[in-house]
Amino acid sequence: MHLHAESARCSGCRACQLACSLHLFGENNPKKSALAIVPHFPDPGTFEVRVCTQCGACADACPTGAILQNEHGAYYINAGECTGCLTCVEACPEQVIFTHADREAPFMCDACGDCIAVCGMDVLSLR
Amino acid sequence: MYGYGGSILRVNLTSGEIRREPLPQDLARDYLGARGFGAYLLYREVPPGAAPRGPENRLYISAGPLSGLLVAGAGKCDITTKSPLTGGYAGASVGGLLSAELKYAGIDVIAIEGRAPRPTYLYIDDDRVELRDATAYWGKGSLTTEKALKEALGESFQIATIGPAGESGVAYACISHDFGRQAGRGGVGAVMGAKNLKAVAVRGTRSIPVAQLERYRELARAMYAACKAAPGLEAWQKYGTAGVTTWANEIGAFPTRNFRSGFFEDHSNLSGETMRSTIVVTDKACFGCPSPCGKYSFVRKYGVRVEGPEYETTALIGGNCALSDIEDVAYANHVCDELGLDTISAGNAVAFAIECYEHGIISKADTGGLELRFGDVDVVCALLRQIAAREGLGAVLGLGVRHAAATFGRGSEAFAMQVKGMEMSGYESRHAPSMLLSYMTCDVGAHHNRSWAITYDITRGRDAVTPDKAAKVIELQHIRPLFDCLGACRLQWVELGLDLGHYAPIVEAITGLPRTWDDLLTISERVWNLTRLYWFREVPGFGRAWDAPPPRTYLEPVETGPTAGKRISREDAERLLDMYYEQRGWDHDGRPTPAKLAQLGLAAL
Ligand code: SF4
Ligand code: SF4
């Protein structure tokens, strides 16, 4: 299962990012979320939503084997094993493995689906 | 402090001094946030009689306790100052992502005073705060400046900027943000310009702490679920405020040709349906909004992009200047946005000038050879450019229609559509007494946002001039501005019918301060009375006469459309005021009584 985004419908509200940071860390902070909302304004005036496709490139790249799969088959970073080398961040073709000054280990989408419930535009779905 | 950024950022542009103060707990308790903070700080800190464009005036950019939280529409930011347009209180609201970003940078209020020695912008990256040279941006349009600053600093910075109109001191210059959102009313952009402050750029990376995390998450989920289940959601997402255009014409409330009429014969060309099917490309939301009213458009005829036009722009630039092509309206909207002009006041100023020209009150000698007429987009845009540059006729029009009427004279005062010096927004109200009373008593001037009571006139009877109409206006004047204190949008309630019962519990869960809905309304009433006191303090002779409607509303009947022949009598307008003052606990001159002030904890003021 992975998150899918219909970018053309996105209005750029970032509710999804808040739901995400609340799920991952129990915090209100779009900069600690695992999906990216990229505005292209003023031209052409569209939003691009980048989400994890669960392709596994990060797990293949991780030198310490810190990236594992949870019970839904979604990848996650086992912070205990992570050395903070950021190889996965580089390897991710979607650029959706994120870092924050507060945290040593990067973080990524675990396909929880919390973002879907707060998106008023029905951009997001689990497939 | 739970739910708040936790600090006031003080910036003195004259000395260059920057410091952070902790947000006082009692300020949060008694004034809640955003509009409440601005009104209180303006009253306490700006010296009485300060010149709006002088260094002693201050500009307060404030977030509320809901801003940046998981609450539907939690992206509103308040900008408060002493208005160069009216000389009284100005509190303007802007959506987008600004207030959320301020909170993530740990800031509830930016309090800006003084005047920078050269064009400057304020740079905020969490704790790193600097005043930077903005010479390279001075003279540039708002959209151009925002784009350039994002390119220079990074997409993650949120930008608030002025355009040429703010620099030149147009009394209704706005502050622009997010490529199409404006703190539109009251000339907040002119105050920024007078301070030599071109822009504010902010990025925050911190988390906002919440008192009751699980309760908050549950309430937030319920709020989004309710919005998504609302029957009105689909139409609102499709048309946004432009959906109002057809209805406003059907009820004869669409300002047309300087409010001579409430019906525009070509309105279907400007409708939400026309707009959606011809120019809209993207739905665009404020922070956390599931029901975006923002419609981002590509205007093929002119090759420009613009957010909008939203209803107010369609009303004042469209109907009021009699433009009958949505692409022309959208283009004039783009021109206003780049120049940094409030479309409501600007549309009024242009229509007023055209009517003066029609009556022979001004001539080609005044307009720089321009022949003014309704329905001509080139005339509209030429005047908008003159206004922003304060050149030609723009030197007079740029100070608002009250000033222009005083300058031109010869009876033009009767059709200068303003209250307290602020031009009227998009509802022709001669046959809607509670809407007219809303305009008369709004605390910034003739604006609809504090009370939008026209639907009440329709359900209750449009001729009725009865105490319940005053009661309705007061009720709305407490509920609607409460959203401006919370830092959230009211439209999920107004347009989707989101139950007001959602708000007090989530405010409580976020801030940890016990609050009922009635507690919140009391704060809103406190703020309302405080802004009234500010008017009395700042404007010599202020009182009842400042609440009078524009003379056109009682002197002339509506010319055409469903309300043709209707007007309100001066006596009825005065009766409405009597009922309103009495129910508010104000005296005959509209001054809050000592008993009312004591009840609201304002006795010391
Ligand atoms: S919640 Fe939906 S509309 Fe809002 S930013 Fe996320 S994907 Fe876009
Ligand atoms: S309804 Fe419009 S103004 Fe309100 S939050 Fe949504 S996009 Fe912003």
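General observations
- Other residues with beta-carbon under 9 Å from the beta-carbon of B:Val94 carry, at +1 per Lys or Arg and -1 per Asp or Glu, a net charge of 0.
- Coarse-grained scattering of chain A at q = 0.11, 0.16 Å⁻¹, given as base-10 log I(q)/I(0) from a Debye sum over alpha-carbon atoms: -0.36, -0.76
- Note: relative contact order over chain B, using C-alpha pairs below 8 Å and six or more positions apart, is 16 percent.
- The 3J(HN,Hα) values that the Karplus relation (6.51, -1.76, 1.60; θ = phi - 60°) gives for the range B:281-294 are, in residue order, 10, 9, 7, 9, 10, 7, 4, x, 8, x, 10, x, 8, x Hz. Gly and Pro appear as x.
- When the listed pairs A:Lys31/B:Lys140; B:Lys76/B:Lys198; B:Lys295/B:Lys420; B:Lys103/B:Lys238; B:Lys82/B:Lys195; B:Lys228/B:Lys284 are checked against a 23 Å cut-off, the alpha-carbon distance exceeds it for A:Lys31/B:Lys140; B:Lys295/B:Lys420; B:Lys103/B:Lys238.
- Only protein heavy atoms count here, probed at 1.4 Å, and on that basis chains B and A bury about 2700 Å² of accessible area in total.
- Of the residues B:Ile251, B:Ile18, the one with the largest accessible area comes first in the ranking B:Ile18, B:Ile251, computed with a 1.4 Å probe on protein heavy atoms.
- Accessible surface of chain A, 1.4 Å probe, proportion on carbon and sulfur as whole %: 48 percent
- Residues in the range B:224-260 that, when all protein chains are in place, have 10 Å² or more less accessible area than the chain alone would give (probe 1.4 Å): B:Tyr224, B:Lys228, B:Gln237
- Neighbours of B:Val191, meaning other residues whose beta-carbon lies under 9 angstrom from its beta-carbon, give a summed charge of +4 when Lys and Arg score +1 and Asp and Glu score -1.
- Sorted into 5 angstrom bins from 0, the C-alpha pair distances of the range B:231-402 split as 2, 10, 18, 21, 19, 15, 9, 4, 2, 1, 0, 0 percent.
- Computed accessible area, B:Asp133, all protein chains, 1.4 angstrom probe, square angstrom: 90 Å²
- Quotient of the Cα radius of gyration of the range B:172-214 and 2.2 N^0.38 Å, N being its number of residues: 1.69.
- Per-residue [θ]222 nm for the protein assembly as shown (sum of -39500 (n - 2.57) over DSSP H runs n ≥ 4, rounded to 500): -10500 deg cm²/dmol
- Per residue, chain B exposes 30 Å² of solvent-accessible protein surface, assessed with a 1.4 angstrom probe and all protein chains in place.
- Tail weight of P(r) past 39 Å, computed on alpha-carbon pairs of the protein assembly as shown, percent: 31 percent
- Less than 5 angstrom separates the built amide H of B:Leu602 from none of the residues sequence-distant by 5 or more or on a different chain.
- Whole-Å semi-axes of the range B:501-605's equivalent ellipsoid (Cα gyration tensor): 34, 21, 11
- The accessible surface of the range B:250-329, taken with every protein chain in place and a 1.4 Å probe, is 45 percent carbon and sulfur.
- Gyration tensor verdict on the range B:304-436 (Cα atoms; rounded if a/c is under 1.5, prolate if a/b is larger than b/c, oblate otherwise): oblate
- Share of Cα-Cα pairs in chain B lying beyond 31 Å, as whole percent: 45 percent
- Pairs of Cα atoms farther than 14 Å apart, the range B:19-88, %: 63 percent
- Computed across the range B:77-204, the Kirkwood hydrodynamic radius from all distinct Cα-Cα pairs reaches 14.2 Å.
- Protein accessible area in the range B:1-144, 1.4 Å probe - carbon and sulfur %: 48 percent
- Normalising the average separation of contacting C-alpha pairs (under 8 angstrom, six or more residues apart) by the number of residues puts the relative contact order of chain A at 32 percent.
- Accessible area per residue (1.4 Å probe, heavy atoms of protein chains only) ranks B:Met422, A:Met1 as A:Met1, B:Met422, with the largest value leading.
The values are calculated or read from the model by the stated rules, or taken from the named source; none is laboratory data. No experiment lies behind these values; they were computed from the predicted model shown. Counting neighbours? That spans all protein chains shown, and the Cβs are built from the backbone with ideal geometry, glycine included. Areas reflect the complete protein model, heavy atoms only, side chains present, ligands, DNA and RNA absent. Shrake-Rupley method; radii C 1.70, N 1.55, O 1.52, S 1.80 Å.
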